[in-house]
Amino acid sequence: MRWADPPAWGSALWAFLVLLSGAASEQLNATTQRNGGGSQCGEYTNQLMEDGMCRLVATLPQLDEQRCPDMFRCTDEVSYWLHENEERKQQMAALKETISQLREELRNHRHRIKAFEMQHDDASHFNATLERRFHEMEAHYAEATSLLHLQGTLILNLQNQVHNLSRLVEVVKKNPGCLINIIRPNSLMSTQQALHPAIHHMRNCPIDCASIYYNGVRRSGVYTVVPSLAGMPVEVYCDMDTDGGGWTVIQRRVDGSVSFDRSWREYRAGFGDLHSEFWLGNDHIHKLSGQGDYSLRIDLEDWSNKHKHALYQHFSVEDEEHRYRLHVSGFSGSAADSFGWYHDKHGFSTPDSGDICAEISHGGWWYSQCFYANLNGVYYRGGHYTPKAKGQLGPDGIVWHSWRDSDYYSLRKVTMMIRPRAFRKHRSP
């Protein structure tokens, strides 16, 4: 057995081994001497080599009965611990290698983290730049959208102006005595003023159907008038037959072909077909009725072809700012009054204006709480209808309550028309 130089941490162990080998040698010599100086228990020598290593040599004969001193038990333990020490050295070397590798990996990870941090900083800067550019593009888009909307509005206004001017030309052609002075835009006007050239000094232009009647026209039909409050032409239907003619029709129901369940905007502008069913439009009704003293005539017809009418000497409608408030009075006629006494001084309402009566009645009207007359209601064929017919919450037909003292009878035909209260019939030319 050969032992190498003792490790640095095992100097105490090495001293113990030297003492142990000396003790073992003395014990072996003593035993040999007790046995007569023979070599029955073997021989033991140790020698320190030139390279500093210890050389241990033992010869152990085979003994049947006698037992040699157990001198090598300690050397086995020493050998075991030396072996364990060698394994620990190898493990420590492997552990050092592993630690070295981990340190290298840690350095690499730190480099990567630093690179990622730099990339993150670059990305953050890039994202900030992109976000700034995005906000700038949003602002440009909003500006472009506003400009586009403004341009569209300007184009629409110009188209309306061209259309109105074309209609004015038609009015002038049909009425040679109609003189219209159009103030052209100039550099001192604003953009909005330039888009709406003022029309002044309208002379001899028909302002309603009575004017057309006075110009010698006696046939009912669609004509163009220029209300003095509007300054722009309006197409209207003129009734030249009823009670001497000269009536400007503002509403008509004849067959249910047009739905009157419309929005505030539609009632403001007007809808339907002038040759059939229509609502002339609250703006037009206001401008027509506001240019003088006008009377209102309402013609009614039921499903038995029975005719009645209601005449009101005073009729006018205010502007949109005042919700087209109704002024109607001076009743006479063959039909009992179901309109003036209850609806006078009330504003106009539509289903989308927040008025519950308009929602229940499915139409636009001068509702109170809610109505005794509702000439813009649902068209029910046959006249009689029930509140459960379409799941409605209340009556919603074309109602003139005093006709049959019922809200559940819908009339067949209705016409509303106005003309100047001072109108006088002329003999046909």
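The values are calculated or read from the model by the stated rules, or taken from the named source; none is laboratory data. Remember, predicted model here, so these are calculated numbers, not experimental data. Glycine also receives a Cβ, built like all others from the backbone with ideal geometry; neighbour counts cover every protein chain displayed. These accessible areas exclude ligands, DNA and RNA; they are computed on the full protein's heavy atoms, side chains included. Shrake-Rupley method; radii C 1.70, N 1.55, O 1.52, S 1.80 Å.
Of the residues making up the stretch 299-308, those that are in a strand (DSSP E or B) and open to solvent by less than 40 Å² (accessible area, probe 1.4 Å) are Asp299, Leu300, Glu301. Considering the stretch 340-429, the qualifying helices (runs of 4 or more DSSP H), each wholly inside and each with 2 or more residues that are crowded, with 18+ Cβ neighbours inside 10 Å and without any contact (Cβ under 8 Å) to a residue 40 or more places away in the chain, run over 340-343, 356-361. For the stretch 309-333, which residues satisfy the criterion of being in contact with a His (Cβ under 9 Å, 6 or more places away or on another chain) and either outside any loop (DSSP other than H, G, I, E, B) or at pLDDT below 95 (or both)? Matches in the stretch 309-333: His314, Phe315, Ser316, Val317, Glu320, Leu326, His327, Val328, Ser329, Gly330, Gly333.
Could we say that Asp261 is touching a residue at least 24 places away in the same chain (Cβ under 8 Å) and either over 21 Å from Val234 (Cβ atoms) or surrounded by fewer than 20 Cβ atoms within 10 Å (Cβ to Cβ) (or both) here?
yes
Can we say Val236 is in a loop (DSSP other than H, G, I, E, B), within 23 Å of Glu301 (Cβ to Cβ) and either touching a strand residue (DSSP E or B) at 6+ places or on another chain (Cβ under 7 Å) or open to solvent by less than 20 Å² (accessible area, probe 1.4 Å) (or both)? Criteria not met by Val236. Screening Asp243 against (1) part of a loop (DSSP other than H, G, I, E, B); (2) within 22 Å of Arg219 (Cβ to Cβ); (3) open to solvent by 40 Å² or more (accessible area, probe 1.4 Å) leaves a single unmet condition, (1).
How many residues, within the stretch 264-298, are assigned to a loop (DSSP other than H, G, I, E, B) and without any contact (Cβ under 8 Å) to a residue 60 or more places away in the chain? Result for the stretch 264-298: 8.
Cβ-Cβ contacts under 9 Å between residues 6 or more apart (or on different chains), taken from a first residue in the stretch 300-312 that is closer than 17 Å to Tyr408 by Cα to a second residue that is in a strand (DSSP E or B) and among the hydroxyl-bearing types (Ser, Thr, Tyr), are listed as Leu300/Thr415; Glu301/Thr415; Asp302/Tyr409; Trp303/Tyr409. Residues that are over 14 Å from Cys209 (Cα atoms), of a type in the set (D, E, K, R) and open to solvent by 10 Å² or more (accessible area, probe 1.4 Å) within the stretch 264-292 comprise Arg265, Glu266, Arg268, Asp273, Asp283, listed in sequence order.
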